[in-house]
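Colleague: This structure is in C-alpha cells; I'll ask about it shortly.
The values are calculated or read from the model by the stated rules, or taken from the named source; none is laboratory data. What you see is a predicted model, and the numbers here were worked out from it, not measured in a lab. So basically every Cβ, Gly included, is an ideal-geometry build from the backbone, and we count neighbours across all protein chains shown.
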Amino acid sequence: MDFKQELGKRTEAIENILTACTPKEEGYQKTIFQAMNYSLMAGGKRLRPMLIQETYRLFGGSHEAVIHPFMAAIEMIHTYSLIHDDLPALDNDEYRRGRKTSHVVFGEAMAILAGDALLNYAFETASKAFNLAENMEEFRGVARAMQILSAKPGIYGMIGGQVVDVELEGRPLDKPVLDFIHEMKTSALIECSMMIGAVLAGADEVSLNKVEQMAKNIGISFQIQDDILDVTSTLEVLGKQTHSDEKNHKTTYVTLFGIDGAMAEAERFSNEAIGLLEEMSEEKGMENPFLVELICQLVHREK
Ligand code: GRG
C-alpha cells in the first residue's frame with residue numbers, strides 16, 4: 001500500500017463530500033454562508049471524517065452513503081471549535097489552516113455566528129442520514145450515532161475540557177489535570193468519530209467500548225504531538241501561529257517532560273491504541289491496514 005497516495009485519495013473524497021454539503025452563498029444572510037464555507041473549506045487534515053470512514057470499514061460496513069452526513073457533520077463541529085478557539089476572548093489567533101482566522105476576516109460578531117451556525121448545521125446535515133437508512137437496524141444505528149454526535153462535543157466532552165483549560169490557563173498544572181483536559185478537549189471528538197463509524201457498521205457494545213478506549217489514546221497522543229509542533233514547527237508548515245502555548249502560559253507535556261519526553265509519551269499512547277486495534281481485529285477476524293498506518297503516522301506528522 002502506498003500510504004501517501006491512499007491518504008491523498010481519501011482526503012480528496014472527503015473534500016467532495018464536504019463540498020456537496022456546503023450552503024449556497026446567496027440570499028440576505030449570504031455573509032454567514034461565506035463565513036462558514038471560508039473556514040470549513042480551508043483545508044485541514046480531515047482526520048475526524050477519515051476516522052469515521054476507516055472505523056466503519058474496519059467493522060465491515062458496506063453502505064457508505066449513510067456515513068457521509070456524519071463525516072461532514074463532525075468536520076463542521078471541529079471547524080466551529082477552531083473558529084471559537086481562535087476568537088480574541090480565547091486564544092486570539094490570527095492564522096488557521098493557512099488563512100487569516102474568521103474573526104480577522106469577517107469580524108468578531110460574524111465569527112461567533114459562523115461557529116454557532118456550523119454547530120447547528122452539523123446536526124441538520126447529520127440528521128439527513130435517517131433518510132438514507134435502508135432498514136430498521138441501520139435506522140437504529142443512525143439514532144445511536146446522533147446521540148454520540150450530540151454528547152461527545154458537549155459538556156461531558158470537548159466543551160468540558162475547554163472549560164477547565166480556560167479556567168486554569170496561566171497556572172501550573174499537574175499531569176492528571178492535563179490528561180483530563182486532553183481527554184475531554186481533544187480525545188472526545190476522536191472518540192466521537194470512531195464510535196460513530198463503529199455503531200453505523202453494527203459493532204456490539206463490547207467492541208464500542210474498546211473503540212472508545214483506542215480513540216482516547218489516539219486523541220491524547222495527537223494532542224501531545226500538537227503541543228510539540230507548537231514549539232518545533234513554523235507558521236508556514238502548520239498554517240497557524242506557533243509558540244501559542246508559551247504566549248498563553250499553558251502547561252503541556254512539553255513543559256512537563258521536555259520535547260523528547262513528550263515524544264516518548266506520544267508514542268506510548270499511540271502504541272497503546274494500535275495494541276487495542278490489533279487485539280480487536282484479531283478477536284473479530286477483521287482488518288484495516290490503512291487505519292493502522294494512519295494511527296502510526298499521526299505521531300510523526302509534520303502538521
Ligand atoms: C468550543 C471554543 C471551543 C473550543 C473547544 C477543540 C477545542 C476546544 C479547541 C480547538 C483548538 C485545539 C487546540 C484543539 C485541540 C485539538 C486539536 C489539536 C485541534 C487541531 O486539529 P487538527 O490538527 O486541525 O486536526 P486541522 O486544521 O488539520 O483540521
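Colleague: Looking at His249 and the list (1) in contact with a Gly (Cβ under 6 Å, 6 or more places away or on another chain); (2) in a helix (DSSP H, G or I), which single condition is not satisfied?
Modeller: All conditions are met except number (2).
Colleague: Now a separate question. Considering only residues that are touching a helix residue (DSSP H, G or I) at 6+ places or on another chain (Cβ under 8 Å) and part of a helix (DSSP H, G or I), which ones fall in the stretch 1-10?
Modeller: Phe3, Glu6, Leu7, Arg10
Colleague: Anything in the stretch 80-96 that is within 11 Å of the ligand (Cβ to nearest atom) and free of Cβ contacts under 8 Å to residues at least 40 places away in the same chain? List them, or say none.
Modeller: His84, Asp86, Leu87, Ala89
Colleague: Given (1) within 16 Å of the ligand (Cβ to nearest atom); (2) surrounded by fewer than 19 Cβ atoms within 10 Å (Cβ to Cβ); (3) within 15 Å of Leu47 (Cβ to Cβ), identify the lone condition not met by Cys296.
Modeller: (1) is the only condition that Cys296 fails.
Colleague: What is the residue count in the stretch 97-115 for residues that are more than 10 Å from the ligand (Cβ to nearest atom) and crowded, with 21+ Cβ neighbours inside 10 Å?
Modeller: Residues that pass the stated criteria total 6.
Colleague: Tally the residues that are farther than 14 Å from Pro69 by Cα and among the hydrophobic types (A, V, I, L, M, F, W, C), restricting the search to the stretch 126-147.
Modeller: Residues in the stretch 126-147 being farther than 14 Å from Pro69 by Cα and among the hydrophobic types (A, V, I, L, M, F, W, C): 1 in total.
Colleague: Which of the residues spanning the stretch 152-195 are buried (at least 22 other Cβ atoms within 10 Å of the Cβ), within 11 Å of the ligand (Cβ to nearest atom) and over 18 Å from the mean Cα position of the chain (by Cα)?
Modeller: None; the set is empty.
Colleague: Would you please list the contacts, defined by Cβ atoms under 9 Å and residues six or more apart or on different chains, that run from a residue in the stretch 283-303 that is acidic (Asp, Glu) to a residue that is at pLDDT below 90?
Modeller: Glu293/Met1
Colleague: Now for a separate question. Applying the selection to the stretch 232-245, what residues are part of a helix (DSSP H, G or I), within 14 Å of the ligand (Cβ to nearest atom) and not polar (S, T, N, Q)?
Modeller: Within the stretch 232-245, Leu235, Val237, Leu238, Asp245 meet the criteria.
Colleague: Sticking with this one: In this structure, is Ala215 within 14 Å of the ligand (Cβ to nearest atom), touching a Gly at 6+ places or on another chain (Cβ under 8 Å) and part of a helix (DSSP H, G or I)?
Modeller: So Ala215 fails the test.
Colleague: Applying the selection to the stretch 11-51, what residues are touching a residue at least 60 places away in the same chain (Cβ under 8 Å), assigned to a loop (DSSP other than H, G, I, E, B) and either closer than 21 Å to Phe123 by Cβ or more than 13 Å from the ligand (Cβ to nearest atom) (or both)?
Modeller: Pro23
Colleague: Residues Val206, Val211, Val199: which one is buried (at least 17 other Cβ atoms within 10 Å of the Cβ) and either small (Gly, Ala, Ser) or farther than 24 Å from Asp179 by Cβ (or both)?
Modeller: Working: Val206 fails: buried (at least 17 other Cβ atoms within 10 Å of the Cβ); Val211 fails: either small (Gly, Ala, Ser) or farther than 24 Å from Asp179 by Cβ (or both).
Every option except Val199 fails the conditions.
Colleague: I'd like the full set of residues that are within 16 Å of the ligand (Cβ to nearest atom) and either within 16 Å of Leu118 (Cα to Cα) or buried (at least 24 other Cβ atoms within 10 Å of the Cβ) (or both), limited to the stretch 52-79. Show your work before the answer.
Modeller: Step one: list which residues in the stretch 52-79 are within 16 Å of the ligand (Cβ to nearest atom), which gives 52-54, 71-79.
Passing the criteria: Ile52, Gln53, Met71, Ala72, Ala73, Ile74, Glu75, Met76, Ile77, His78, Thr79.
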